[in-house]
Structures are given as C-alpha cells and as structure tokens.
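Worksheet: one structure, shown below.
Values quoted throughout were computed directly from the atomic coordinates according to the rules given, and no laboratory measurement underlies them. Model, not experiment: these values are computed from the prediction. Note: ideal-geometry Cβ built from the backbone for every residue, glycine included; neighbour counts use all protein chains shown.
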Amino acid sequence: MNARQRRLFEDARKKNPHLKIPDAPPVTNWTEEDLALIKQGVGDKTSRAASALGGSSASGDSDGPSAETGSVVTYFEEKGFGFLRPDNGGRDVFFHISRLNEGQATDLAPGTKVIFELGMDRTGKMAASSVRIVPKEA
C-alpha cells in the first residue's frame with residue numbers, strides 16, 4: 001500500500017472506525033520472465049551482459065535478449081531521443097541517445113537502419129536499448 005492509498009484509508013477509517021486494512025497475499029508464482037525484468041531493473045542505465053539478465057528472452061532463446069532490426073522514424077537531436085520502427089512490424093519503439101552503442105548521433109536520420117534490443121526506460125515503458133547503426137555497404 002503506497003502513501004496515497006494509506007492516507008485515503010485513514011480518511012475512510014475516521015468515518016468508519018471498524019475498517020481493517022485488506023490483507024494482500026504475497027505473490028509466489030513469479031515466472032522466469034517476471035524475475036528477469038526484476039533483475040534488469042527499471043531505468044537501469046548500465047549495459048549488462050546477456051548472462052547477467054539471468055533468464056530467457058521473450059522469444060525463448062537462452063542467449064539473452066534478441067537483437068531486432070529496424071529503422072529510424074524520427075530523431076530529435078536537440079532533445080536526444082527518437083523513435084524506431086521494427087522491421088517485423090508492430091509499434092514504434094522509443095530510444096534515447098544514451099543507448100546508442102555503435103555509430104554517431106549525426107547518422108540518426110530518418111530511414112537509417114539500426115539493430116537494437118528491447119528493454120525498458122526509467123518509467124518502465126518499452127524502449128530500445130543497445131542501439132547500433134548498421135554500417136552502409138560499399
């Protein structure tokens with residue numbers, strides 16, 4: 001129970017003194033995917049090795065998070081973030097310049113091909129991590 005819920009409960013208890021705090025049973029059925037997310041941490045800015053995640057990826061591979069390919073849809077250089085469109089379809093993925101591991105920020109023009117891994121941003125929303133620009137073929 002967070003502070004706001006506790007305050008609301010205390011206000012309700014003033015009107016009805018017989019109210020009791022509801023007992024929530026502890027969660028005991030964590031899946032491997034849940035544990036991997038907890039180990040990863042929300043907003044973790046460090047680059048971890050795939051073995052440090054301690055679990056399998058959503059696709060079932062045991063080699064850690066799988067790399068996806070896509071292209072840059074938009075990039076706001078003055079703000080340091082943008083969006084990627086996965087090649088396999090689906091929703092556009094947010095990325096921050098701090099997650100660019102290979103390549104230059106000046107190369108992040110719309111249409112630029114990238115390889116990325118899915119992770120979470122500091123608020124727990126889906127975001128790209130370990131973004132790498134695909135080198136152009138000669």
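A few comments on the model shown:
- Using equal-weight Cα scatterers in the Debye expression, the normalised intensity of region 74-118 in log10 at q = 0.27, 0.29 Å⁻¹ is -1.15, -1.33.
- Packing, taken as the mean count of other beta carbons within 10 Å per residue, orders the peptides 125-136, 96-107 from highest to lowest as 125-136, 96-107.
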